[in-house]
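Written below as structure tokens is the structure these notes are about.
Throughout, read-outs are computed from the coordinates displayed, never taken from laboratory work. As the structure is a prediction and not an experimental result, all values here were calculated from the model. Every residue, glycine as well, gets a Cβ built from its backbone with ideal geometry; the counts of neighbours run over all protein chains shown.
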Amino acid sequence: MLKKIILSISSGLLFFLSWPPFSVLTFLIFFAFVPIYILEFSERSKKLSFKNFYIYVYLAFFIFNLCTTFWVKNAHFGGAVFAILCNSFFMTLVFYFYVKIKYAFQWNSSYWILPIFWIGFEYLHLNWDLSWPWLTIGNVFASHPNWVQWYSWTGVLGGTLWVLIINWLIFQFFQFPSIRKKYSLYLCASLLLPLLLSYTLYNHNSELVFDKSLKVLIVQPNIDPYSEKFSLLQETQTDLLIDLVYPRIDASLDVIVLPETFLISPIWHDEMNDNRSINKFKSILRQYPNLSIVVGGVTLELSDKEPRAKPLSQGSNQWYKVYNSALSVSNTELKIYHKSKLVPGAEQMPFQEFLYPILNDQVLQIGNSTALGNFAKQDSISLFSTFENNYLAPIICYESIYGDYVRQFINKGAELICVITNDGWWKKTSGYLQHHAYARLRAIETRRYVARSANTGISSVINHVGEVKKKIDWDMKDVLEYTIPLFNHKTFYVNYGDFIGRLCSVLSIFLLLYFFVFNKLKIKSK
């Protein structure tokens, strides 16, 4: 029993230690599944009961989730507990079905079932109401973009497949000495060929020629969301920001990027042009007619009655929606994009159509913010444009985790990814470091530069091969200026997205249906 517990704990710790920001130990991910494979072999050999196997696997994934995402507690303790417990359960459920199906079918070669189920699970986790893809296994290489330049073809799910293959080959190598020679060749090829391909793609893409560029000013106001953001008047925050930014503005500047919800006081859509902060921005733009400003804000819009709408007052027949928005302010127009990938529990009630009659408009309150209830979202892609008609992708905070979503902006014509975020909710933990690292993967997948403005850090410029070219560290009030090359070609991933996830999801459904039908027929035959 002690040996089994050690295997379980070691698996969880291997996952944790391989994860960003521990970039020196990333290689440990190639061993993290091996203890679970050993436990599964013990269960298959009748040396371990299925119930105990399930408990040990859950313990491994609980340690992984707890150690890697504990920082969510800084925003909401209950939300952190729910996320850690549920995500550990979902990961364990993959192994539950994997073992059940292996037993049912008794196929000689069934090792391929686990990658199909696991990637199918990760794809589901990217596309349902309880979406929490923070620990998608392919994200582990965010600190080593030079290893995974082929994400421009496969996205992060290709990295997940790579990890699962290497782990299984290592398990086979150590578990069965008689076939070590054969598996050592498979292992070397599976490990080295993707690295060689990545190196080749890196050299090729580093030499890409660009025709256009944008001079961008990225701002990090460093307004603490716990002690200042909701106590300082919006006008005061705007004045402080203008004092910081104005000396750096000149006629050559194209875009200023400000963080998520910088305009924290809710603004009605039909009153945008009367907002004092927006008018202060416009007074700067009148002096620099070619300049545009991208800024995050909370916006309101009148609406029909529906689950995401709220009454204007108690007993009112008028309804409105709240959005976490990005605004593009220029001399010619004011464009709005509303955040579409909302944080479950904090920004939207999962499975709202079913739970709204029970829980009404309740969501988790983050930190010291005023809970506005469920945010509404935009179900289409919007681009921002500059004076020279260059197109920007406005990506708000949590959305930058979703490669398949971000690539849709590029597919529509975006030449630069602008990530606006407020990572101060997580305080000085691994959370803000992981979030910044994941943006490097979006750059590789799309071959676009990323201009990232975070309220408290890290703000940065990331190039099209995932390298951080310039940054502002945590808890610093500063601006950075960079002339960003623009690319307009589309990668395979931009065109086809998470095709690996879609394929594995379909195969998972067929396997599960076949399993249930097979079991039903088996019971009837008895």
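Details
- Quarter of Cα convex hull surface for the chain, i.e. mean projection, nm²: 26.9
- In the chain, helical runs assigned H by DSSP with n ≥ 4 each contribute -39500 (n - 2.57); averaged across all residues and rounded to the nearest 500, the mean residue ellipticity at 222 nm is -14500 deg cm²/dmol.
- Cβ-Cβ distance of N389 and L185, R₀ of 41 Å, FRET efficiency by 1/(1 + (r/R0)^6): the value works out to about 0.15.
- Order of F70, F516, F384 under a 10 Å beta carbon neighbour criterion, fewest first: F516, F70, F384
- Counting only residues at least eight positions apart within a chain, or on another chain, the lysines with an alpha carbon under 19 Å from that of K471 are K215, K427, K428.
- Reducing region 168-226 and region 398-430 to their Cα centroids gives an inter-centroid distance of 20 Å.
- Placing a label point 7 Å from the Cα of K3 along the Cα-to-Cβ direction, the residues of region 35-53 with a backbone N closer than 17 Å are 35-50, 52-53.
- Using only side-chain charges placed at the Cβ, +1 for Lys and Arg and -1 for Asp and Glu, the dipole size of region 124-266 relative to its Cα centre rounds to 1180 debye.
- Between A251 and S109, the FRET efficiency estimated from the beta carbon spacing at R0 = 51 angstrom works out to 0.15.
- Listed by Cβ neighbour count within 10 Å, with the fewest neighbours leading, M349, M272, M1 appear as M1, M272, M349.
- Contact order normalised by residue count of region 212-486, Cα under 8 Å, 6+ apart, percent: 22
- Legend: calculated FRET efficiency, Y226 to S45, from the Cβ-Cβ distance at R0 = 51 Å, rounded to 0.05, equals 0.45.
- Helix 156-175 axis, angle to the chain major axis (alpha carbon atoms, nearest 10°): 30
- Net charge of Cβ neighbours under 10 Å - reference Y288; Lys, Arg +1; Asp, Glu -1: -1
- Folded to 0 to 90 degrees: helix 180-206 orientation relative to the chain principal axis, Cα: 20
- Kirkwood-Stokes translational diffusion coefficient of region 212-486, alpha-carbon pairs, 25 °C, 0.890 mPa s, µm²/s: 130
- GluC sites (Glu not before Pro), loop per DSSP, at most 13 other Cβ atoms within 10 Å - longest free stretch of the chain: 1-206
- Region 178-245: chymotrypsin sites (Phe, Trp or Tyr not before Pro) in DSSP coil with no more than 13 other Cβ atoms inside 10 Å: F210
- Low-density loop cleavage sites - trypsin sites (Lys or Arg not before Pro) in region 30-77, where at most 13 other Cβ are within 10 Å (DSSP): K46, K47
- The modelled label-to-label distance for the pair K428/K280, using points 7 Å beyond Cα in the direction of Cβ, is 2.8 nm.
- The C-alpha atoms of the chain define a longest principal axis, and helix 2-18 lies at about 30 degrees to it.
- Net charge of neighbours whose Cβ lies under 9 Å from the Cβ of G497, counting Lys and Arg as +1 and Asp and Glu as -1: 0
- Among the trypsin sites (Lys or Arg not before Pro) in region 94-190, none is located in a DSSP loop while being surrounded by at most 14 other Cβ atoms within 10 Å of its own Cβ.
- The aspartates and glutamates whose alpha-carbon is closer than 19 Å to the alpha-carbon of K377, local same-chain residues fewer than 8 away aside, are D129, E260, D270, E301, D304, E306, E347, E353, D361, E399, D404.
- Rounded Å value of the spacing that divides the Cα centres of region 257-289 and region 439-495: 24
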